[in-house]
Amino acid sequence: MRIDVNELREPFINMHRLRNVDEKYTFFYDESNNFRKLYLKEGGFNIKKQDNFVLSGIVVSGIVNDIELGNLRKDLKLQKNVKEIKTKHLGSGEFLDFFNERKVEVFLKWLSDQDVYLHYFNLNVNYWAIVDIIDSLIDKVGDQHLFSYHMILKSDLYKVIMNEKDAFFDMMREFEYPNIKEHQINNFVLWLRSFINLNSHVLDFDRKRLLLSLFESESSLNELFFIMGNENNILINNFLPFYVRTLYIFKNSQHIFDDEDSIKKIMHTFPMSDGENELNNHSFINSVKCNAVQVSDLVSGILGKYFTFINDLKISDADDVKANLNERQLNNIEMLRELISRSDKHSNGFFNSVISEEEYLKNDLFLHGVKRI
């Protein structure tokens, strides 16, 4: 049975007041930090460091097949035997070192001169792995007052968990999370309340009290809907839901993905229609054959490094870190900010993040100079 995208997109568009989503564009995509599956095993995760997953690239007005690179390859001083441009050709290292590379400056300047927009989906995978706990508890407690605070509750639970991340996820594996068994619900909730109490010094008093209010009726709980009936210890089975979002939000556009086999094989499991008509507005292509997908690889590489940096950055250090940047780093950050701002001004639908409240604050502070603390 096909899913009518209008039933998905219209409430979402209205809720977030998205602009220019009915226009015709061509989206080109690549991804960064795509580890395809995240699960718990003895001793931790299957992935040593869970960097932010980023699906991003460029947007061109109208329906096109590709873009011209002009002098980009020459300006990047690529050898003639380089068949496709990859992030590694700009530089290496973590974000701050990477943003001190001349070739990053060359690329961002070239991109700023093009008639294109940026788009991205940014996922904090550790945050995503635990938010269903809050949704499940709110669903059973049934307190509408708590529902209005669901984003705060999720961010605060995440903050508490990250204070003792290894201990938390070790116990989650013992509970076979996210597949809590009915007879284990009370034990799970009691343990979680105890864990929050032990690590709640990272929250102020009122927010600690709000978070703990979710656990006042654990003895009457017989279901935690979103964290039961799933595969044992599988936190993320695939990234498909994040690939299809822009397909239905920008239903009149064309979407061209890098040839990612793991997604290509399961895309048919999410069949879509636009009213009575089948919606098939995406394709996959080998990046060697598409300049725009290669450019999207560079965009995704840059944003993947940036959002992982923001995730790791302590908010108390943000001002000092930025104050110690050199001229090239500051110039590159300013070009990235201008590219994102230009794109957002055209359509705020180009961007979507599933991250904690503090990550939003750090991004606003570091990239845009906006303090919301």
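Please enumerate the residues belonging to the stretch 139-166 that are within 27 Å of GLN50 (Cα to Cα) and of a type in the set (A, V, I, L, M).
Filtering the stretch 139-166 for residues within 27 Å of GLN50 (Cα to Cα) gives 149-166.
Within the stretch 139-166, MET151, ILE152, LEU153, LEU157, VAL160, ILE161, MET162 meet the criteria.
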- Item | Candidate set from the stretch 84-111 (those that are part of a helix (DSSP H, G or I) and in contact with an Asp or Glu (Cβ under 7 Å, 6 or more places away or on another chain)); member that is surrounded by the most Cβ atoms within 10 Å (Cβ to Cβ) | THR87
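Go through the stretch 112-131 and give me each residue that's surrounded by fewer than 15 Cβ atoms within 10 Å (Cβ to Cβ) and not in a helix (DSSP H, G or I).
Keep residues of the stretch 112-131 that are surrounded by fewer than 15 Cβ atoms within 10 Å (Cβ to Cβ), which gives 112-113, 115.
Listed by number, the residues that qualify are ASP113, ASP115.
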- Message: Just checking, does the stretch 171-179 include any residue being part of a helix (DSSP H, G or I), of a type in the set (Asp, Glu) and touching a Lys or Arg at 6+ places or on another chain (Cβ under 6 Å)?
- Response: no
- Selection status of ILE134, crowded, with 20+ Cβ neighbours inside 10 Å, within 30 Å of PHE195 (Cβ to Cβ) and in contact with a His (Cβ under 7 Å, 6 or more places away or on another chain): yes
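Please work out which residue is farthest from PHE98 (Cα to Cα), limiting yourself to the stretch 297-323 and to residues that are basic (Lys, Arg) and surrounded by fewer than 23 Cβ atoms within 10 Å (Cβ to Cβ). Reasoning before the result, please.
Filtering the stretch 297-323 for residues basic (Lys, Arg) gives 305, 314, 322.
Narrowing the set further to residues that are surrounded by fewer than 23 Cβ atoms within 10 Å (Cβ to Cβ) leaves 314, 322.
Working: LYS314: 19, LYS322: 15 Å.
That would be LYS314.
Condition first: buried (at least 17 other Cβ atoms within 10 Å of the Cβ), hydroxyl-bearing (Ser, Thr, Tyr) and part of a loop (DSSP other than H, G, I, E, B). Can you find one or more residues in the stretch 289-296 that meet it? Before you say what the answer is, go through the steps one by one.
Within the stretch 289-296, the first condition is being buried (at least 17 other Cβ atoms within 10 Å of the Cβ), and the residues that meet it are 290-296.
Adding the requirement that they be hydroxyl-bearing (Ser, Thr, Tyr) leaves 296.
If we keep only those that are part of a loop (DSSP other than H, G, I, E, B) as well, we get none.
No: zero hits.
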- SER262 versus (1) hydroxyl-bearing (Ser, Thr, Tyr); (2) outside the structural domain of MET151 (by TED's automatic domain parsing); (3) over 24 Å from LEU123 (Cβ atoms): which is the lone unmet condition? (3)
- Task: Could you grab me the full set of residues in the stretch 13-37 that are of a type in the set (A, V, I, L, M, F, W, C), surrounded by 15 or more Cβ atoms within 10 Å (Cβ to Cβ) and either assigned to a helix (DSSP H, G or I) or under 19 Å from the mean Cα position of the chain (by Cα) (or both)?
- Result: ILE13, LEU18, PHE27, PHE28, PHE35
- Please determine, by comparing only the residues of the stretch 232-247 that are over 27 Å from GLU182 (Cβ atoms) and of a type in the set (A, V, I, L, M), which one is modelled with the lowest pLDDT. LEU240
- Message: Residue under question is ASN126, and the condition is that it be closer than 30 Å to HIS346 by Cα, touching a residue at least 12 places away in the same chain (Cβ under 8 Å) and among the polar types (S, T, N, Q); does it hold?
- Response: no
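The values are calculated or read from the model by the stated rules, or taken from the named source; none is laboratory data. Keep in mind it's a predicted model, so treat the numbers as computed, not measured. Using ideal geometry, Cβ is built from the backbone for each residue, glycine included, and neighbour counts are taken over all protein chains shown.
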